[in-house]
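Below you will find the structure I want to go over with you.
A short reminder: the numbers here are calculations on the coordinates, not readings from a lab. These numbers come from a predicted model, not from an experiment. Note that we place each Cβ from the backbone using ideal geometry, even for glycine, and neighbour counts take in every protein chain shown.
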Amino acid sequence: MIFFLPILVFAGILVALAVVLTVAERLLVNYGICKIDINAGDRVLEIEGGQTLLSALIESKIFIPSGCGGRGSCGYCTITVVSGGGAVLPTETPFLTRSQVRSGVRLACQVKVREDLAVRIPEELLNVQLFTATVENVRRLTHDMVETRFELKEPAEIEQRPGQYVQLQAPSPEGPVFRAYSISSPAYATGIVELVVRLVPGGIGSTYAHSLKEGDPIALTGPYGEFRLSEDPDVEIVCIGGGSGMAPLKNILFSVCERWPNRKCWLFFGCRSARDVFYLDEFRELAKKNPNFRVIYALSDHDPWDGEWDGETGFIHVSVDKHLEAGDVKRHAFLCGPPPMIEAVMKVLDEKGFEEDDIFYDKF
Amino acid sequence: MAEVSPLVILVAAIFTNNILLANFLGMCSFLAVSKRIDTAAGLGAAVIFVTTFTTAINYGIYHHVLVPMGLTFLSYIIFITVIAAFVQFVEMFVERFSPVLYHALGIFLPLITVNCAILGVSLFMIIRNYTFMQSIAFGFGGGVGWTLAIILIAGLRQKMRYSIVPVPFRGVAIAMVITGVMAMTFMGFAGMVTIQ
């Protein structure tokens with residue numbers, strides 16, 4: 001008995017504490033059913049309180065973009081909370097500008113649904129769907145880039161605009177996460193989604209994308225992105241990219257040349273060395289069909305030992321400076337590449353007389 | 001100890017026997033969360049709440065369960081369990097009623113569980129044979145003393161951002177030096193009241 005008494009007393013106290021905590025949890029953490037009003041009455045969701053706004057919306061098939069899976073580290077899942085979200089949390093402030101905070105923009109993954117909410121979600125995001133697909137083709141482009149084409153199953157077609165992106169669902173130790181990739185297949189190919197992914201050592205999304213084989217089932221959400229291409233065929237299209245920034249440019253150029261076979265467009269693409277060059281043949285083929293399309297690849301780090309190279313050498317902004325003439329033409333520029341490249345190119349474009357509003361870019 | 005008024009113990013716990021500056025208990029969160037006054041005050045409030053109530057609960061368990069059964073050797077583990085459970089409760093409470101404070105305190109709220117000041121208060125209560133009222137006064141005073149110390153150092157550290165601190169002293173090092181100076185300053189209260 002003398003041995004059992006301490007154990008019994010200790011266990012008894014533990015049970016008593018557990019009971020108290022369970023009761024407290026019932027009373028404190030239970031928020032009941034909460035209503036989420038989307039776009040002033042467009043749609044009203046009734047969901048279990050206590051979860052985050054992001055997971056509540058995803059549960060109701062509204063796919064807010066989110067790169068990090070709700071940990072508050074990517075800052076993509078911004079939506080406007082009109083009423084009922086509580087105060088902005090310290091975890092959100094690094095991702096929001098002052099004017100965003102004033103107009104009620106929040107990170108959906110940090111807002112907990114504790115009461116009835118009213119939110120505003122752009123129409124575009126309400127059209128985002130969850131696609132299931134299978135891998136149709138995997139093509140190795142360079143030593144670290146792979147082109148993966150998915151055949152859409154359910155729904156079977158995607159309505160995308162050049163420059164938009166999808167989020168690929170990738171497994172991770174903490175459950176599935178989404179990673180954003182620009183769509184590289186042209187907008188007219190509605191039955192497929194093609195991505196160009198560079199392998200980032202240790203990256204969850206790119207490791208997964210590189211491990212995919214033909215026939216593998218995958219899931220993705222999309223399309224995301226508010227970018228719109230100018231519909232005026234007289235506006236010249238100047239695409240400038242580097243490194244892994246090829247995907248959106250390929251989509252833009254193929255879509256443009258399909259719709260306006262004579263529209264004037266440019267592609268400037270910077271690679272490090274000859275072994276990093278890809279898609280050059282495809283673009284030369286495209287240039288044969290569209291006489292007004294010019295392709296310029298430049299190698300920043302050309303080594304003659306890598307083989308023959310008949311293109312430019314040096315940084316890509318130098319090539320842009322050389323080939324693009326300043327003039328009184330309406331041109332739109334699309335930049336996609338590493339930040340130093342974007343900055344160097346922006347300077348050149350400014351000298352060439354581009355308006356700031358006519359330059360669209362994606363830094364990563 | 002029965003003859004000492006709870007009020008005296010309250011004052012002593014805040015000033016002369018400050019749990020942090022006299023006993024140097026609860027240093028980890030003291031150094032980690034003392035960069036801004038508002039979070040320091042928030043954590044301090046949580047500590048006051050937890051020390052006051054856990055001393056009361058621990059007093060009840062110790063004197064009405066452990067002593068009659070001769071199980072006083074269990075007091076450490078039981079005190080820790082009670083504190084852990086109570087912190088869980090406070091966490092739920094704070095999350096429900098002040099999400100901003102909840103996020104500001106972040107990981108430090110669950111870390112109150114292992115704040116030695118709180119266990120220290122419960123153990124001093126037994127060593128010094130306090131009565132129930134004295135224990136409550138000591139628990140509350142201990143929490144207030146800890147909060148006072150952390151708010152003082154947070155104020156100093158906020159000002160220190162604008163002063164030139166020699167490189168090797170930046171961060172925790174200068175905070176430790178300041179804590180030492182503050183502890184010596186608090187020794188000035190020594191003659192005011194005495195408890196063992």
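For chain B, report the convex hull volume of the alpha-carbon atoms normalised per residue, in Å³, without decimals.
So the per-residue Cα hull volume is 117 Å³.
At 1.306 mPa s and 10 °C, plugging the Kirkwood radius over alpha-carbon pairs of the range A:181-301 into Stokes-Einstein gives what diffusion coefficient in µm²/s?
For these conditions, the coefficient is 101 µm²/s.
Sticking with this structure for a sec: What list do you get for A:Leu280, A:Leu335, B:Leu31 if you sort them by fewest beta carbons within 10 Å?
A:Leu280, B:Leu31, A:Leu335
Another question, then. Taking 2.2 N^0.38 Å as the expected size of a compact globular protein, what ratio does the Cα radius of gyration of the range A:236-363 give against it, to two decimals?
Against the empirical 2.2 N^0.38 Å value, I get 1.00 for the range A:236-363.
Now for a separate question. Tell me, what ³J(HN,Hα) does each residue in the range A:142-153 have, in order and in whole Hz, if you take phi through Karplus 6.51 cos²θ - 1.76 cosθ + 1.60 with θ = phi - 60° and put x for Gly and Pro?
Going residue by residue, I get 9, 5, 10, 10, 9, 9, 10, 10, 10, 9, 6, 10 Hz, with x marking Gly and Pro.
Right, next: Within the range A:149-252, which trypsin sites (Lys or Arg not before Pro) sit in a loop by DSSP and count at most 14 neighbouring Cβ atoms inside 10 Å?
Hits after loop and neighbour filter: A:Lys213, A:Arg228.
Connecting C-alpha atoms closer than 10 Å in a GNM of chain A, tell me which of A:Glu174, A:Glu258, A:Glu159 has the biggest fluctuation.
Highest fluctuation of the listed residues: A:Glu174.
Which whole-Hz couplings ³J(HN,Hα) result when phi for each residue of the range A:320-336 is put into the Karplus expression 6.51 cos²θ - 1.76 cosθ + 1.60, θ = phi - 60°, listed in order with x for Gly and Pro?
4, 4, 6, 8, 8, 8, 5, x, 9, 10, 7, 9, 10, 10, 10, 10, 8
Over 26 Å between C-alpha atoms is what I'm after, so list which of A:Lys153/A:Lys250; A:Lys213/A:Lys264; A:Lys264/A:Lys322 land there.
Correct reply: A:Lys213/A:Lys264.
Would you list, by chain and number, the aspartates and glutamates whose Cα falls below 16 Å from the Cα of A:Lys61, excluding same-chain residues fewer than 8 positions away?
Cα-Cα hits under 16 Å: A:Asp37, A:Asp42, A:Glu46, A:Glu48, A:Glu123, A:Glu124, A:Glu154.
Still on this model: By counting other Cβ atoms within 10 Å of each Cβ, how are A:Ser182, A:Ser211, A:Ser55 ranked from fewest to most?
A:Ser211, A:Ser55, A:Ser182
OK, next. For an R0 of 51 angstrom, estimate the FRET efficiency from the Cβ-Cβ distance between A:Arg98 and B:His64 and round to the nearest 0.05.
Rounded to the nearest 0.05, the efficiency is 0.35.
Another one. Over the Cα atoms of the range A:303-364, each weighted equally, I'd like the Debye log10 I(q)/I(0) at q = 0.17, 0.24, 0.27 Å⁻¹, rounded to two decimals.
-0.63, -1.02, -1.18
Among B:Ile164, B:Ile151, B:Ile136, which one moves the most in a GNM of chain B with springs linking Cα atoms closer than 10 Å?
For chain B, modelled as a Gaussian network with Cα springs under 10 Å, the answer is B:Ile164.
Out of residues 5 or more away from B:Leu25 or on other chains, whose amide H comes under 5 Å of its own, with H placed 1.01 Å from N in the peptide plane?
The answer is B:Leu20.
Using Cα atoms only, what is the angle between the long axis of helix A:339-351 and the major principal axis of chain A, expressed in degrees (0 to 90) to the nearest 10?
50 degrees
Using label points projected 7 Å from each Cα along Cα→Cβ, tell me how many nm separate B:Cys28 and A:His143, to one decimal.
In this crude label model, B:Cys28 to A:His143 measures out at 4.6 nm.
On to the next question. Counting other C-beta atoms within 10 Å, and keeping those with at most 16, which DSSP coil GluC sites (Glu not before Pro) do you find in the range A:282-333?
A:Glu308, A:Glu325
Using Stokes-Einstein with the Kirkwood hydrodynamic radius over Cα pairs, what translational diffusion coefficient do you get for the range A:47-143 at 10 °C and a viscosity of 1.306 mPa s, in µm²/s rounded to a whole number?
Taking Rh from Cα pairs, D becomes 108 µm²/s.
Then there's this: Can you list the residues, at least 5 places off or on another chain, whose amide H is less than 5 Å from the amide H of A:Gly243, using H built in the peptide plane?
A:Gly270
Continuing with the same structure: Hydropathy first: keep DSSP H helices in chain B averaging at least 0.0 on Kyte-Doolittle, then drop any whose Cα extent along the axis falls short of 24 Å, and list what survives.
B:37-61, B:75-97, B:132-160
Seen from all sides and averaged, what is the projected area of the convex hull of the Cα atoms in the range A:1-92, in nm²?
Orientation-averaged projected area of the Cα hull: 9.3 nm².
Further, regarding this structure: May I ask for the angle, rounded to the nearest 10°, between helix A:280-289 and the longest principal axis of chain A, with both axes built from Cα atoms and the value confined to 0 to 90°?
For helix A:280-289, the angle is close to 60 degrees.
Quick one: which residues, 5+ away or cross-chain, put their amide H under 5 Å from the amide H of A:Arg294? H built at 1.01 Å from N.
Amide H to amide H, under 5 Å and 5 or more residues apart or across chains, A:Arg294 pairs with A:Cys265, A:Trp266, A:Leu267.
Step through the residues of the range A:196-211 one at a time and calculate ³J(HN,Hα) from phi using the Karplus curve (6.51 cos²θ - 1.76 cosθ + 1.60, θ = phi - 60°), rounding each to whole Hz and writing x for Gly and Pro.
Along the range A:196-211, the couplings run 10, 10, 8, 6, 9, x, x, x, 5, x, 6, 5, 5, 4, 6, 8 Hz.
Translational diffusion coefficient of chain A at 20 °C, 1.002 mPa s, Stokes-Einstein with Kirkwood Rh over Cα pairs, in µm²/s as a whole number.
92 µm²/s
Within 10 Å of each residue's Cβ, count the other Cβ atoms and sort A:Met346, A:Met341, B:Met176 from fewest upward.
Ranking A:Met346, A:Met341, B:Met176 by Cβ neighbours within 10 Å, fewest first, gives B:Met176, A:Met346, A:Met341.
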